[in-house]
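Here's the structure, in structure tokens; my notes come after.
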Amino acid sequence: MKGIGFNAADIVDFEKYGSKNAKLAMEVTNTQPGAHLGEGSFWQAFNAVTYLTDHELGRNADTRMQSAWFGYNQGRKVKAMNLAIEMAEVA
């Protein structure tokens, strides 16, 4: 992701040491629906988190929805939004 100061390609051992979810998150950042609309922005990063938690993570659609609405992934989305707002205010 250019623009927000992080590029997985810059991390020499990302492919070797990055977790499966970290690699998926980096992929989704550029391939999620509408990724081109806010390219390089905090909004793109936040949308990657919501897309990943709502559509990719989880064993099936029911567990994914449960976690996204009420469970751990709901907290991830709130944390991602707060971080995006914080970073945007600093920028």
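Across region 8-90, C-alpha contacts under 8 Å between residues 6 or more apart give a mean separation that, scaled by the residue count, equals a relative contact order of 23 percent.
Expressed as a fraction of 2.2 N^0.38 Å, the C-alpha radius of gyration for region 23-77 is 1.11.
Per-residue 3J(HN,Hα) values for region 15-30, derived from phi via the Karplus relation 6.51 cos²θ - 1.76 cosθ + 1.60 with θ = phi - 60°, read 5, 7, 10, x, 5, 4, 5, 5, 5, 5, 4, 5, 5, 5, 3, 9 Hz in sequence order (x marks Gly and Pro). Cross-link partners of Lys20 among aspartates and glutamates, defined as those whose alpha carbon lies under 13 angstrom from its own and excluding same-chain residues fewer than eight positions apart: Glu56.
None of the figures in this text is laboratory data; all of them are computed from the coordinates on show. Computed from a prediction, not measured in an experiment: that's the story for all the values here.
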